[in-house]
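Following: one structure in structure tokens, then a few remarks.
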Amino acid sequence: MPPATTFIESPQSRERAATVARPALPPVIIIGGNDNALSLARGFGRRGIDVYVVNQPNADVAKSRFVKVVELPDHPSFEDAAADWLCGTNSDHLQQSVLLAASDEGLSILAKYHELLSQRFLLDLCNPVAQLQMLDKLDTYLLARKAGVPTPKFWQVSTQDDLAKLRDELVYPIIVKPVLSHVFQQKFHTKFIVADNFEQLAEAFGVAADANIDVLLVEKIPGPDTQLCSYYTWLDEYGNTAFDFTKRIIRRYPVNMGLATYHVTDHVEGVKEHAVKLFRHVELQGLANAEFKYDARDGVLKLIECNARFTAANGLVARAGIDLGALVYNRLTGLPLPPLDDFRDGLTLWDPMRDFKAFLELRRSGELTLLDWLRSVSRWHCFPGFDLMDPRPGLVRLMRRLCKPGK
């Protein structure tokens with residue numbers, strides 16, 4: 001690897017910087033996403049940049065005053081419909097826009113159609129092969145093992161016979177984890193299934209098999225959600241990192257298996273070394289994020305997943321001082337890059353309604369009292385979805401949750 005370099009601007013940005021005048025900033029197209037897409041749209045919109053969203057019609061970001069919603073062609077698959085629109089003539093008027101992925105479907109589209117899309121839009125630096133490998137959870141774990149990055153125990157299974165052969169070596173609780181998370185989530189509205197014994201495991205595996213969804217089995221690392229942490233960076237084609245950002249999880253809902261309800265920025269020791277080792281091994285380029293969980297049994301951080309895109313905590317990352325949207329956009333358009341030197345500790349992203357449900361679950365198990373929960377949330381927060389200057393997405397989300405309290 002060559003010595004570390006200063007942040008490398010794209011050839012596209014250098015060409016644009018050489019032009020004398022530009023009538024307007026290029027628009028942005030955001031594929032998929034929820035909280036991350038909304039934070040990106042607001043950030044770009046406040047800069048006067050036109051924002052187009054390619055998303056489900058009921059997505060919160062579609063309600064933002066900063067966006068224009070793309071009407072997709074009829075298709076049973078959102079990913080296929082979005083790809084058809086981006087690759088076809090209906091998007092010709094937006095050629096040379098900055099194209100960003102805020103979801104696994106978006107990342108899949110950018111990787112699969114990279115050559116064509118790079119001729120039509122401005123794309124961040126990426127290695128499509130590595131991006132598809134990180135979307136595939138089995139590939140991610142196999143490559144992490146090869147790179148020497150710690151993982152939970154995991155098993156590859158394809159049939160019920162494979163499952164039966166592994167019966168005596170499996171450990172519980174165990175996670176039935178889809179190879180492609182977004183495919184499983186679209187079908188079952190959950191990220192994975194947890195089994196506490198072989199009978200539950202066989203049933204869960206059968207459910208996935210009946211839906212033609214490939215899965216792997218992953219040991220569930222014991223311990224609370226506070227043992228989860230993440231590392232973010234951007235890598236050039238030589239594997240040099242542009243910045244380091246880390247955060248921790250305080251709570252999730254459902255507890256120990258759902259999406260985060262409470263994040264906090266923190267300089268977490270040890271996580272960068274594991275994450276960058278994986279990123280460089282697979283030759284990942286552009287945005288990169290890896291999540292780990294501390295295993296108290298052996299004192300080791302172990303890989304949970306890797307995302308080569310903007311994540312749900314994007315708004316928190318920006319508030320802490322690392323504006324990922326501005327980083328990618330400015331690099332592609334030849335504008336001055338945002339500060340990347342460091343970030344602020346102790347900033348939080350809090351989802352009050354879902355975190356209250358997490359508290360109720362933890363109180364039932366005797367792990368958290370009302371007083372301790374109140375103490376933990378008695379501080380200034382940023383909130384996913386809610387913004388006084390763009391209130392409609394947050395209000396729509398609030399009404400939906402009040403009408404469907406299970407969500």
All positions within segment 234-254 that are under 14 Å from residue 268 (Cα atoms) and in a strand (DSSP E or B) = 245, 246, 247, 248, 249, 250
Starting from residues that are in contact (Cβ under 8 Å) with a residue 40 or more places away in the chain and farther than 13 Å from residue 26 by Cβ, keep the ones in segment 329-340 and report whichever is nearest to the chain's Cα centre (by Cα).
-> 340
Matching residues in segment 365-407 - criterion: being assigned to a helix (DSSP H, G or I) and charged (D, E, K, R) | 372, 375, 392, 397, 400, 401
Breaking point among (1) surrounded by fewer than 18 Cβ atoms within 10 Å (Cβ to Cβ); (2) touching a Gly at 6+ places or on another chain (Cβ under 6 Å); (3) outside any helix (DSSP H, G or I), for residue 280 = (3)
Options 266, 244; residue that is in contact (Cβ under 8 Å) with a residue 24 or more places away in the chain, touching a helix residue (DSSP H, G or I) at 6+ places or on another chain (Cβ under 7 Å) and acidic (Asp, Glu) = 244
From the list 295, 244, pick out the single residue that is touching a strand residue (DSSP E or B) at 6+ places or on another chain (Cβ under 9 Å) and within 30 Å of residue 357 (Cα to Cα).
-> 295
Can you work out which of the residues in segment 229-246 that are of a type in the set (Gly, Ala, Ser) and surrounded by fewer than 21 Cβ atoms within 10 Å (Cβ to Cβ) is nearest to the chain's Cα centre (by Cα)?
-> 242
Taking the residues in segment 256-268 that are surrounded by fewer than 23 Cβ atoms within 10 Å (Cβ to Cβ) and modelled with pLDDT of 95 or more as candidates, determine which candidate is nearest to the chain's Cα centre (by Cα).
-> 264
How many of the residues making up segment 300-322 are within 29 Å of residue 143 (Cα to Cα) and either over 13 Å from the mean Cα position of the chain (by Cα) or not in a loop (DSSP other than H, G, I, E, B) (or both)?
-> 11
Would you check if there is a residue in segment 181-188 being over 21 Å from residue 254 (Cβ atoms), not assigned by TED's automatic domain parsing to the domain that holds residue 108 and not aliphatic (A, V, I, L, M)?
-> no
Inside segment 342-364, can you point out the residues that are part of a loop (DSSP other than H, G, I, E, B), in contact (Cβ under 8 Å) with a residue 40 or more places away in the chain and surrounded by fewer than 17 Cβ atoms within 10 Å (Cβ to Cβ)?
-> 344, 345, 346
Of the residues in segment 161-182, those that are farther than 13 Å from residue 201 by Cα and of a type in the set (Ser, Thr, Tyr) come to 181
Which numbered condition residue 301 misses (of (1) within 28 Å of residue 404 (Cα to Cα); (2) buried (at least 17 other Cβ atoms within 10 Å of the Cβ)) = (1)
Please enumerate the residues belonging to segment 106-128 that are part of a helix (DSSP H, G or I), closer than 21 Å to residue 239 by Cβ and under 18 Å from the mean Cα position of the chain (by Cα).
-> 107, 110, 111, 128
Is it the case that residue 81 is farther than 24 Å from residue 273 by Cβ, in the same structural domain as residue 36 (by TED's automatic domain parsing) and either surrounded by fewer than 14 Cβ atoms within 10 Å (Cβ to Cβ) or out of contact with any helix residue (DSSP H, G or I) (no Cβ under 8 Å at 6 or more places or on another chain) (or both)?
-> yes
Within segment 140-149, identify whether any single residue is crowded, with 20+ Cβ neighbours inside 10 Å, more than 22 Å from residue 289 (Cα to Cα) and in contact (Cβ under 8 Å) with a residue 12 or more places away in the chain, and answer yes or no.
-> no
By residue number, the members of segment 154-192 that are closer than 20 Å to residue 259 by Cβ and hydroxyl-bearing (Ser, Thr, Tyr) are 181, 190
Would you confirm whether any residue within segment 58-65 is under 24 Å from residue 236 (Cβ atoms), in a helix (DSSP H, G or I) and either modelled with pLDDT under 95 or out of contact with any strand residue (DSSP E or B) (no Cβ under 6 Å at 6 or more places or on another chain) (or both)?
-> no
State yes or no: is residue 100 of a type in the set (A, V, I, L, M), crowded, with 20+ Cβ neighbours inside 10 Å and within 20 Å of the chain's Cα centre (by Cα)?
-> yes
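The values are calculated or read from the model by the stated rules, or taken from the named source; none is laboratory data. Since the structure is predicted, the reported quantities are computational estimates derived from the model, not experimental observations. Quick reminder, even Gly has a Cβ in these numbers, built from the backbone with ideal geometry, and neighbours come from all protein chains shown.
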